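Novice: The structure's right below; bear with me while I get my questions together.
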There are 2 protein chains.
Amino acid sequence: MRDAYVIGAGQSAFGSFPEETYLTLFDSAFDRTLDSVDGELSPDQIEEAYIGTLGVGGRQIGLSGPAVTEHIGLHGIPTTRVENACASSGYAFRQAVAAVRSGMVDVALAGGYEVMNDTSADQTKWWLGVSGQTEWERTSGTTFSGVYAQMASAHMEEYGTTIEDLSRAAVKNHANGAQNPKAHLGFECTLDDALNAPTVADPLNLYHCCPTTDGASAVLVASEDVARDVSDTLVRVVGAGASSDSVGLFQRDSLTSIPASVRAGEDAYEQANVEPKDLDFAEVHDCFAIAELLAYEDLGFCDRGEAGRLLREGVTDPDGALPTNTSGGLKSKGHPIGATGTGQIVEAFEQFQGTANVQVDEPNYGLTHNVGGSGGGVTVHLFERVGSAA
Amino acid sequence: MRDAYVIGAGQSAFGSFPEETYLTLFDSAFDRTLDSVDGELSPDQIEEAYIGTLGVGGRQIGLSGPAVTEHIGLHGIPTTRVENACASSGYAFRQAVAAVRSGMVDVALAGGYEVMNDTSADQTKWWLGVSGQTEWERTSGTTFSGVYAQMASAHMEEYGTTIEDLSRAAVKNHANGAQNPKAHLGFECTLDDALNAPTVADPLNLYHCCPTTDGASAVLVASEDVARDVSDTLVRVVGAGASSDSVGLFQRDSLTSIPASVRAGEDAYEQANVEPKDLDFAEVHDCFAIAELLAYEDLGFCDRGEAGRLLREGVTDPDGALPTNTSGGLKSKGHPIGATGTGQIVEAFEQFQGTANVQVDEPNYGLTHNVGGSGGGVTVHLFERVGSAA
């Protein structure tokens, strides 16, 4: 099996952009992706594309992938829309890696987008709900924040996790996002702010929930030959883990873990022959604050019930042992559903290039973790900087 | 690049099944797929899945792929929903081929489904419309039959194609489908029937349009090692062509060709080192009668404007030089959107196994052609029987 490399990655600004469309947002992400390549890559070299989107709202639904590639000047290349809810572009990236590893193509584009602010709040809530289980969650009135609130309650009861622990994830991510000019909510918040915000779904308050965001992101995946040709810094995909699970939370044995994260992480670590202690940074899926805590435990950053301690001790702060969500995470950078998975890889690529807004000192290994729904589908990718190209 | 093989393929009955759900339909397709494997394959050997669906209606929309794999007993495997309108499972199959060729997995499942008869006719029409271009087709009132009616009118004007030519495609496909116990409209029709049916979108009448169908289909793709282990007849994927295009018909230079079909076909033929004259059978995308005629020309079965002649001369009849749509095609077998692409491969697999309802004599090469929307995304796959396993 030949290796796949990330040779470029970029995102649009994340935010609320009533004047933009999914096409203009993707265009912006794609331009920055091409600009991020160290050397010269012609768009003509891109042979296949995978576009992730949940497809919120009433715009192009069927065949939106080809609509995107045509708009960005890649007319005619095989283009697949991938939909795995909030993990849509994590899976799009996985397909791009497979396409390059297979030898079918030398350069593939993975990306994603979502436009969430041009529909009514009711419509957006409906679309978010479709990532939950239909019969016994969405159509029974359970909101998406309600699903994660159940996980938070269970974690608090089982492990003594506190509202302060949840709030510290928000404070950290906002501090990071305040350095990111492309973040949706690029401002700092205090622990007091994050403790005293209005309740959304008890025990989660406004600062424990990510915003409703418009945006797009893209990543270029290439063979080693192409990567050596165009890259000063070689970023190899050393682990591509993924797993699915029951879509409904009520169908699972435990509310205090996302089993698909555990399995995807174990697969990725094994493929890469890497352990959590080897990681220099991570971008994890913090759609709600509790999700970041679950990720720490599911991905082996700490033992069960210890996630709150990691936050209290600053282990995942930028100057800690494992800086996590240096981009600002979904909480501060924003969560344009389909754009989130490849958006995390944008941050990873910038960390390796040394151009991140909150830069980690010369990282060798990084992890990205993208969760669909409440854990019905997860991807975990591991990246290694393999030194400079000759 | 290592080779990928089809080791099993099966479909549910296609039809109108108010008592079935997408899960029960897929279950039926998957059972038949496992049964179709010559030797023993344990479901545990299936490592990844790609599920194509447009997602018509209001049931599980986000993460429907994982919901399917959980239901059929493949809990936890990486599962991706692929959506490229009517080419959703053609592309799902393409990803499964890439996954096996990459070496990431040895056995992958590709499949698709659609449930179209449990929503109102208005809702179904809306969902079909989403495969057209949004701003200038769907929301301006152009129906999907209207889009293909424009292609039919243009072909009639440019090449003198007649209503009789279109109707002959329906007569042939119904004759084939009448032999297929899983066909939705498994009855014969006369040329007179097909000429005198009520108009749907002038010049297309009821017999020039496929039905609104519920159904599911699935295909197992495997490495050569696994294929040699479980298959008596080895069916190799020798060409995997795909291409995208403008989603809107009005954005293209010509109405009398689907350029993505031309490009996907050329790619597949070149990869396989096969020419149209080498083919022993084909399953082409006849969502409307004109689509079958366009396919003949776009895939090089004949020159431009000659498709009507092929039908008149019986070239694509079961006893002709290139039997086409022996399954009954979308017209008679039915067109459950997401199930169609892999449904065509079910027919191809049965032809190679010698178990087809309308059997071609010992075929060596077969082609499947799956079109999304009016040609915004197309896959063309070429299969070769490479003799019996040792």
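The values are calculated or read from the model by the stated rules, or taken from the named source; none is laboratory data. Model, not experiment: these values are computed from the prediction. Neighbour counts run over all protein chains shown; Cβ positions are idealised from the backbone, glycine included.
Novice: Got a sec? Which of A:GLU158, A:GLU114 is acidic (Asp, Glu) and within 14 Å of chain B (Cβ to nearest Cβ)? So that I can check it myself, show each step before the final result.
Specialist: On the way: A:GLU158 fails: within 14 Å of chain B (Cβ to nearest Cβ).
Result: A:GLU114 is the single residue among A:GLU158, A:GLU114 that is acidic (Asp, Glu) and within 14 Å of chain B (Cβ to nearest Cβ).
Novice: Just checking, how many residues over segment B:21-30 are under 20 Å from the mean Cα position of the chain (by Cα) and either part of a loop (DSSP other than H, G, I, E, B) or acidic (Asp, Glu) (or both)?
Specialist: Here the count works out to 1.
Novice: Out of curiosity, is A:ARG94 within 11 Å of chain B (Cβ to nearest Cβ), among the charged types (D, E, K, R) and touching a residue at least 60 places away in the same chain (Cβ under 8 Å)?
Specialist: Details: within 11 Å of chain B (Cβ to nearest Cβ): yes; among the charged types (D, E, K, R): yes; touching a residue at least 60 places away in the same chain (Cβ under 8 Å): yes.
Criteria met by A:ARG94.
Novice: Can I ask one more? Among the residues of segment A:38-68, how many are outside any helix (DSSP H, G or I) and closer than 12 Å to A:LEU109 by Cβ? Spell out the reasoning first.
Specialist: Of the residues in segment A:38-68, the ones outside any helix (DSSP H, G or I) are A:38-42, A:46-63.
Still in the running and closer than 12 Å to A:LEU109 by Cβ: A:41, A:46-52.
Residues meeting the conditions: 8.
Novice: Related question: Do we find that B:THR119 is closer than 13 Å to A:VAL82 by Cα and polar (S, T, N, Q) in this structure?
Specialist: So B:THR119 fails the test.
Novice: Just one of (1) in a helix (DSSP H, G or I); (2) under 23 Å from the mean Cα position of the chain (by Cα); (3) not small (Gly, Ala, Ser) trips up A:GLN133, so point out which.
Specialist: Going through (1) in a helix (DSSP H, G or I); (2) under 23 Å from the mean Cα position of the chain (by Cα); (3) not small (Gly, Ala, Ser) one by one, A:GLN133 breaks only (1).
Novice: B:LEU234 is checked against (1) farther than 26 Å from B:PRO336 by Cα; (2) within 14 Å of chain A (Cβ to nearest Cβ); (3) in contact with a Ser or Thr (Cβ under 9 Å, 6 or more places away or on another chain); (4) among the aliphatic types (A, V, I, L, M) and fails just one. What number does that condition carry?
Specialist: Among (1) farther than 26 Å from B:PRO336 by Cα; (2) within 14 Å of chain A (Cβ to nearest Cβ); (3) in contact with a Ser or Thr (Cβ under 9 Å, 6 or more places away or on another chain); (4) among the aliphatic types (A, V, I, L, M), the lone unmet condition for B:LEU234 is (2).
Novice: Is segment B:78-90 home to any residue that is aliphatic (A, V, I, L, M), in contact (Cβ under 8 Å) with a residue 12 or more places away in the chain, crowded, with 21+ Cβ neighbours inside 10 Å and farther than 19 Å from A:ALA49 by Cβ? Step through it out loud before you land on a result.
Specialist: If we filter segment B:78-90 for residues that are aliphatic (A, V, I, L, M), which is where we start, we get B:82, B:85, B:87.
From the residues that got through so far, the ones that are in contact (Cβ under 8 Å) with a residue 12 or more places away in the chain too are B:82, B:85, B:87.
Checking the rest, the ones that are also crowded, with 21+ Cβ neighbours inside 10 Å come to B:82, B:85, B:87.
Narrowing the set further to residues that are farther than 19 Å from A:ALA49 by Cβ leaves none.
Checked segment B:78-90: no residue is aliphatic (A, V, I, L, M), in contact (Cβ under 8 Å) with a residue 12 or more places away in the chain, crowded, with 21+ Cβ neighbours inside 10 Å and farther than 19 Å from A:ALA49 by Cβ.
Novice: Please tell me if B:GLU40 is farther than 29 Å from B:VAL230 by Cα, more than 14 Å from every other protein chain (Cβ to nearest Cβ), more than 17 Å from the chain's Cα centre (by Cα) and not polar (S, T, N, Q). If you could, list the steps in order and put the result at the bottom.
Specialist: Numbers: farther than 29 Å from B:VAL230 by Cα: no; more than 14 Å from every other protein chain (Cβ to nearest Cβ): yes; more than 17 Å from the chain's Cα centre (by Cα): yes; not polar (S, T, N, Q): yes.
Considered against the rule, which asks whether it is farther than 29 Å from B:VAL230 by Cα, more than 14 Å from every other protein chain (Cβ to nearest Cβ), more than 17 Å from the chain's Cα centre (by Cα) and not polar (S, T, N, Q), B:GLU40 comes out as no.
Novice: Hey, among the residues in segment A:381-390 that are surrounded by fewer than 24 Cβ atoms within 10 Å (Cβ to Cβ) and of a type in the set (A, V, I, L, M, F, W, C), which one's nearest to the other protein chains (Cβ to nearest Cβ)? Quick ask: steps written out before the conclusion?
Specialist: At the first step, the residues of segment A:381-390 found to be surrounded by fewer than 24 Cβ atoms within 10 Å (Cβ to Cβ) are A:384-390.
Still in the list and also of a type in the set (A, V, I, L, M, F, W, C): A:386, A:389-390.
Details: A:VAL386: 19, A:ALA389: 23, A:ALA390: 25 Å.
Among those that are surrounded by fewer than 24 Cβ atoms within 10 Å (Cβ to Cβ) and of a type in the set (A, V, I, L, M, F, W, C), it is A:VAL386.
Novice: Within segment B:357-380, how many residues are more than 14 Å from chain A (Cβ to nearest Cβ) and assigned to a strand (DSSP E or B)? Working first, answer last.
Specialist: Within segment B:357-380, the first condition is being more than 14 Å from chain A (Cβ to nearest Cβ), and the residues that meet it are B:357-369.
Going one step further and asking which of them are assigned to a strand (DSSP E or B), we end up with B:365-369.
Looking only at that region, the number is 5.
Novice: If you don't mind, there's one more thing I want to ask. Which of the numbered conditions does A:GLU47 fail, given that it passes all the others? Conditions: (1) at the interface with another protein chain (Cβ under 10 Å from one of its Cβ atoms); (2) under 18 Å from B:TYR91 (Cα atoms); (3) at pLDDT 95 or above.
Specialist: In the conditions (1) at the interface with another protein chain (Cβ under 10 Å from one of its Cβ atoms); (2) under 18 Å from B:TYR91 (Cα atoms); (3) at pLDDT 95 or above, A:GLU47 misses (1) alone.
Novice: Let me ask you something else. Could you go through segment B:54-69 and let me know if any residue there is without any contact (Cβ under 8 Å) to a residue 12 or more places away in the chain, over 18 Å from the mean Cα position of the chain (by Cα), more than 9 Å from chain A (Cβ to nearest Cβ) and on the phi < 0 side of the Ramachandran plot.
Specialist: No, because not a single residue in segment B:54-69 is without any contact (Cβ under 8 Å) to a residue 12 or more places away in the chain, over 18 Å from the mean Cα position of the chain (by Cα), more than 9 Å from chain A (Cβ to nearest Cβ) and on the phi < 0 side of the Ramachandran plot.
Novice: Report, by residue number, each residue of segment B:347-374 that is crowded, with 22+ Cβ neighbours inside 10 Å and either within 30 Å of B:GLY146 (Cβ to Cβ) or small (Gly, Ala, Ser) (or both).
Specialist: Across segment B:347-374, the qualifying residues are B:GLU347, B:ALA348, B:ALA356, B:GLY366, B:LEU367, B:THR368, B:HIS369, B:ASN370, B:VAL371, B:GLY372, B:GLY373, B:SER374.
Novice: Over 23 Å from the mean Cα position of the chain (by Cα), within 28 Å of B:SER246 (Cα to Cα), within 7 Å of chain A (Cβ to nearest Cβ) and hydroxyl-bearing (Ser, Thr, Tyr): is that true of B:THR139 in this structure?
Specialist: Working: over 23 Å from the mean Cα position of the chain (by Cα): yes; within 28 Å of B:SER246 (Cα to Cα): yes; within 7 Å of chain A (Cβ to nearest Cβ): no; hydroxyl-bearing (Ser, Thr, Tyr): yes.
So B:THR139 fails the test.
Novice: Kindly state which helices (runs of 4 or more DSSP H) lie completely within segment A:138-237 and contain at least 3 residues that are buried (at least 20 other Cβ atoms within 10 Å of the Cβ) and either polar (S, T, N, Q) or in contact with a His (Cβ under 8 Å, 6 or more places away or on another chain) (or both).
Specialist: Numbers: elements: A:144-159, A:163-177, A:191-195, A:224-230.
Result: A:163-177.
Novice: List the helices (runs of 4 or more DSSP H) that sit entirely inside segment B:254-322 and contain at least 2 residues that are surrounded by fewer than 19 Cβ atoms within 10 Å (Cβ to Cβ) and not aliphatic (A, V, I, L, M).
Specialist: Working: elements: B:259-272, B:289-298, B:307-312.
Once the helices (runs of 4 or more DSSP H) in segment B:254-322 are filtered for at least 2 residues that are surrounded by fewer than 19 Cβ atoms within 10 Å (Cβ to Cβ) and not aliphatic (A, V, I, L, M), what remains is B:259-272, B:307-312.
Novice: Right, another one. What number of residues within segment B:1-20 satisfy the criterion of being part of a strand (DSSP E or B) and either touching a His at 6+ places or on another chain (Cβ under 6 Å) or of a type in the set (D, E, K, R) (or both)? Before you say what the answer is, go through the steps one by one.
Specialist: Filtering segment B:1-20 for residues part of a strand (DSSP E or B) gives B:4-11, B:15.
Restricting the remaining residues to those that are either touching a His at 6+ places or on another chain (Cβ under 6 Å) or of a type in the set (D, E, K, R) (or both) gives B:15.
Final tally of qualifying residues: 1.
Novice: Tell me the residue from B:ALA291, B:ALA339, B:ALA356, B:ALA348 that is among the hydrophobic types (A, V, I, L, M, F, W, C) and more than 30 Å from B:VAL226 (Cα to Cα), please. Walk me through it before giving the result.
Specialist: Details: B:ALA339 fails: more than 30 Å from B:VAL226 (Cα to Cα); B:ALA356 fails: more than 30 Å from B:VAL226 (Cα to Cα); B:ALA348 fails: more than 30 Å from B:VAL226 (Cα to Cα).
Every option except B:ALA291 fails the conditions.
Novice: Which of (1) more than 8 Å from chain B (Cβ to nearest Cβ); (2) within 23 Å of A:MET1 (Cβ to Cβ); (3) outside any helix (DSSP H, G or I); (4) hydrophobic (A, V, I, L, M, F, W, C) does A:MET104 not meet, given it meets every other one?
Specialist: Every listed condition holds for A:MET104 apart from (1).
Novice: Let me ask something else about it. Hey, can you tell me all the residues within segment A:71-83 that are within 7 Å of chain B (Cβ to nearest Cβ) and within 19 Å of A:ALA339 (Cβ to Cβ)? Please lay out each step first, then the result.
Specialist: Step one: list which residues in segment A:71-83 are within 7 Å of chain B (Cβ to nearest Cβ), which gives A:76-83.
Listed by number, the residues that qualify are A:THR79, A:THR80, A:ARG81, A:VAL82, A:GLU83.
Novice: Say we look at segment A:244-284 and pick out the residues that are more than 26 Å from A:ARG385 (Cβ to Cβ) and small (Gly, Ala, Ser); which of these is modelled with the lowest pLDDT?
Specialist: A:SER254
Novice: Additional query: Taking segment A:244-284 as the region of interest, how many residues are closer than 25 Å to B:THR69 by Cβ and away from every other protein chain (no Cβ under 14 Å)?
Specialist: So the answer is 5.
Novice: Among A:ASP118, A:ASP122, which is within 23 Å of the chain's Cα centre (by Cα) and of a type in the set (Asp, Glu)? Please lay out each step first, then the result.
Specialist: On the way: A:ASP122 fails: within 23 Å of the chain's Cα centre (by Cα).
Only one candidate passes the filter, namely A:ASP118.
Novice: Of the conditions (1) within 14 Å of chain A (Cβ to nearest Cβ); (2) acidic (Asp, Glu); (3) closer than 16 Å to B:LEU220 by Cα, B:ASP35 clears all except one; give me its number.
Specialist: Every condition holds for B:ASP35 apart from (1).
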